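What follows is calculated from the coordinates using simple rules that are stated; it is not laboratory data. Remember, it's a predicted structure, so these values are computed and weren't measured experimentally. Quick reminder, even Gly has a Cβ in these numbers, built from the backbone with ideal geometry, and neighbours come from all protein chains shown.
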Amino acid sequence: MLAIIKKELKYYFCTPIGYVFIGIFLIAFSISFYLTVLTYGNVNFEYIFYSTPTIFVLAFLIPLLTMRSFSEERKNGTEQLILTSPLSITKIVLGKFISAMLVTIITSIFTLMYFGILCYFGMPHISTAITAIIGFILFMMAYVAFGIFASSITENQIIAGIISIAFFIITWVMPSFNSNLESISFINMLYGYTLGTIDIADTVTFISFTIVCILLTIIVMQRRKSVK
Amino acid sequence: MIEVKNVTKKYGNVVAVDNISFKINEGEIIGLLGPNGAGKSTTMNMITGYIEPTSGEIIVGGLNIEKKPKKAKRKIGYMPEGVPLYTDLTVKEFVTYMAEIKKVERKQRKEKVEKIIEQTGLKEVEKKLIKKLSRGYKQRVSMAGALVGEPEILILDEPTVGLDPKQITEIRNLIKELGKKHTIILSSHILSEVSQICDRVIIINKGKIIAIDTPETLENKVNKTNSIYVTVEDPENKMETIKDKIKEIKNIKKVNENEDKTKQYIIEAEGKQDLRKALFTELAKENITIFEMKKPDATLEDAFMQLIEGGDK
């Protein structure tokens, strides 16, 4: 599994993808910082995570990160190399998931510099900031897992990307169509974390959704053995 | 070493591989022959555990590939068709990665990677990105990927496709060399290649095995007419009279008249008798000079074509 993680990370950071991900995210995050902190003059670090530019850019960045993970292997045939190795499918899927997660975690760590700026000028709430980051990572985790699943069902990266973007946007705007959907909206769950609370139900939802997506990916990969 | 028992693979209603069984012993080099779409790659993919057979059983080194995939897969080095590679990695990175996923022990990894790069002649390009390499080198990188971890079994899907003649010879020599230590299955549709390298040949057509034998036996199986090619200088046009002198000759046919005034004939004989000696003495008596005389060899090509066509009927 470590081999897969190492290789994936090498891919993310030897090609522009990792830098594009972090760079564009930080630009959007800066815009959010400007809009929430500078325009309104408040020192709430956590609001930045919930603001529209941050979320909007994630709808495209997370699919960018995950869309190639299995589709590219399938298209290039390199899938044959990993699937005929002694590695189990579970480890391969987890390896890909963990490496994409590491990129998002590294990105989240970069946001701490904005926290530093706030500390210099004011007194932001540390514990709320921490819960916001935790919530943000969980939030991204759910979409990363879905993106990897989308990538496993097609050999076309673009289609995998579009499926993930569509899923993100649908789940994002869902609550405005029907208020009943609010309780299962990931965005609303993220909002809870930015208020400084860690809701067990929300945390369980994020984690279980991730597990379901990973299991589905494993099932898809295993099933492909017999239908391929 | 490898046992394939009644294996069938269906894609929907299409039967790609139809109830095949064969056994491969340790240290053998086996050639899998067949026209395109015969089921060669499907068979190889099933042996490597990349795809599952619809029914049947595959035993690799005493282990069922479906039930004990981890242990069984460690015994196999696979070079898939079309040499899929991670083109963004350098040669060394790729081979190291393959060593890692094949669970070569950390302590020996570096040394083994080094050794394989040396063995496959990749030393001078080890720091280059794979996408910058020529086809021949890519093929070797793929081979290095299969070799790393010293698997007992090597499965090579069309290892010489797309190479120039020099590279083909190099790869063939490498395979022969490897055959001393490994059990090898290779697929190809280049028949001469198979007859040169392989101990035994499995001919597949339309998902069915139509022959398993040594290349020599297969060549001998082909019913050939007993004929001799002769090129002669015959100024007096006496060639036709030879037929009366040697009783066994059934037919003399002129095939070619060369610019240097020599003529080529096919002489067909009855029975299995070799007429070359008789021809030599008789032609000399008639003052006909022999420039060339040969018995055409039945090739694996003939065997292959006959078997495939026979199967079609």
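What FRET efficiency, computed as 1/(1 + (r/R0)^6) with R0 = 25 Å and r the Cβ-Cβ distance, is obtained for B:Lys208 and B:Lys115, rounded to the nearest 0.05?
Calculated transfer efficiency: 0.05.
Using a Gaussian network model of chain A in which every pair of alpha carbons under 10 angstrom is joined by a spring, one finds that among A:Met101, A:Met113, A:Met140 the greatest mean-square fluctuation is at A:Met113.
Give me the extension gain from A:Ser185 to A:Lys75: residue separation times 0.36 nm, minus the current Cα-Cα distance, reported in nm with one decimal.
On the way: separation 110, 0.36 × 110 = 39.60 nm, distance 3.37 nm.
This chain segment gains 36.2 nm when fully extended.
Shape verdict for segment B:169-263, please, from the Cα gyration tensor: rounded (a/c under 1.5), prolate (a/b greater than b/c) or oblate. Prolate, because a/c is 1.5 or more and a/b exceeds b/c. Per residue, the convex hull spanned by the alpha carbons of segment B:1-128 comes to 141 Å³.
Using only alpha carbons, segment A:2-223 has a radius of gyration to Kirkwood radius ratio (Rg to Rh) of 0.99. In the calculated pair-distance distribution of segment B:2-221, the portion above 33 angstrom amounts to 14 percent of the Cα-Cα pairs.
The C-alpha atoms of chain B define a longest principal axis, and helix B:276-285 lies at about 30 degrees to it. Dipole magnitude for segment B:2-221: computed about the Cα centre from +1 point charges on Lys and Arg Cβ and -1 point charges on Asp and Glu Cβ, it is near 760 debye.
Just to confirm a number: summing +1 for Lys and Arg and -1 for Asp and Glu over residues other than A:Phe97 whose beta-carbon lies under 12 angstrom from that of A:Phe97, what do you get?
Values: positive: A:Lys91, A:Lys96; negative: A:Glu8.
Taking every other residue near A:Phe97 into account, the sum is +1.
Overall dimensions of segment B:26-90, expressed as equivalent-ellipsoid semi-axes from the Cα gyration tensor (√(5λ), whole Å, largest first), are 21, 18, 13. What shape does segment A:12-129 take by its C-alpha gyration tensor, where a ≥ b ≥ c are the square roots of the eigenvalues and a/c under 1.5 counts as rounded, a/b above b/c as prolate, and the rest as oblate? In terms of gyration-tensor shape, prolate.
With a simple spin-label model that places each label point 7 Å from the Cα along the Cα-to-Cβ direction, the separation between B:Glu301 and B:Lys243 comes to 2.9 nm.
Considering just Cα atoms, how many Å³ per residue does the convex hull of segment B:227-294 enclose?
Enclosed volume per residue, from the Cα hull, is 72 Å³.
For B:Lys132, the aspartates and glutamates whose Cα comes closer than 12 Å to its Cα, not counting residues fewer than 8 places off in the same chain, are B:Asp88.
Expressed as a rounded percentage, what relative contact order does segment B:88-228 have, with Cα pairs under 8 Å and six or more residues apart? Working shown, then result.
Details: 141 pairs, mean separation 26.1, N = 141.
For segment B:88-228, the relative contact order is 19 percent.
With springs only between Cα atoms under 10 Å apart, run a GNM on chain A and tell me which of A:Asn44, A:Asn178, A:Asn188 wobbles the most. Highest fluctuation among the options: A:Asn178.
Database remark: amide H of B:Ile204 closer than 5 angstrom to the amide H of B:Leu33, B:Gly34, B:Ile210 (H placed geometrically; neighbours at sequence offset of 5 or more, or on other chains; Pro and chain starts carry no H). In the distance distribution for the protein assembly as shown, Cα-Cα pairs more than 39 Å apart total 47 percent. Placing R0 at 56 angstrom, the Cβ-Cβ distance between B:Lys103 and B:Lys277 gives a FRET efficiency of 0.30 after rounding to 0.05. Relative to the longest principal axis of the Cα atoms of chain B, helix B:91-101 runs at roughly 70 degrees.
Just checking the listed ones, B:Ala211, B:Ala284, B:Ala72: in the Gaussian network model of chain B with Cα springs under 10 Å, the one fluctuating most is B:Ala284. In sequence order, segment B:66-76 has phi-based couplings of 7, 8, 10, x, 4, 5, 5, 5, 5, 7, 10 Hz under the Karplus curve 6.51 cos²θ - 1.76 cosθ + 1.60, θ = phi - 60°, and Gly or Pro positions carry x.
Write out the trypsin sites (Lys or Arg not before Pro) in segment B:133-201 meeting two conditions: DSSP loop, and at most 10 other Cβ atoms within 10 Å of their Cβ.
Values: sites: B:Arg135, B:Lys138, B:Arg140, B:Lys166, B:Arg172, B:Lys176, B:Lys180, B:Lys181, B:Arg200; in loops: B:Lys180, B:Lys181.
Sites meeting the loop and neighbour criteria: B:Lys180.
Going by neighbour counts of Cβ atoms within 10 Å, the residues B:Lys206, B:Lys277 line up, fewest first, as B:Lys277, B:Lys206. Does anyone have the angle between helix A:2-14 and the longest principal axis of chain A? Alpha-carbon axes, 0 to 90°, nearest 10? Approximately 60 degrees, to the nearest ten.
The convex hull built on the alpha-carbon positions of segment B:163-218 has an orientation-averaged projected area of 4.3 nm².
Other residues within the sphere of radius under 12 Å centred on the Cβ of A:Ile153, judged by their own Cβ, net out at +2 (K and R +1, D and E -1).
A Förster distance of 22 Å, applied to the separation of the beta-carbon atoms of B:Lys128 and A:Tyr19, puts the FRET efficiency at 0.40. Take every pair of alpha-carbon atoms less than 8 Å apart whose residues are at least six positions apart; their mean separation over the length of chain B yields a relative contact order of 19 percent.
Mean separation of Cα pairs under 8 Å and 6 or more residues apart, divided by the residue count, gives segment A:2-223 a relative contact order of 27 percent.
I need the shape label for segment A:69-129. Rule: rounded when a/c is under 1.5, else prolate if a/b > b/c, else oblate, with a, b, c from the alpha carbon gyration tensor.
prolate
Counted residue by residue at 0.36 nm each, then reduced by the alpha carbon distance between them, the extension gain from A:Ile126 to A:Asn42 reaches 28.8 nm.
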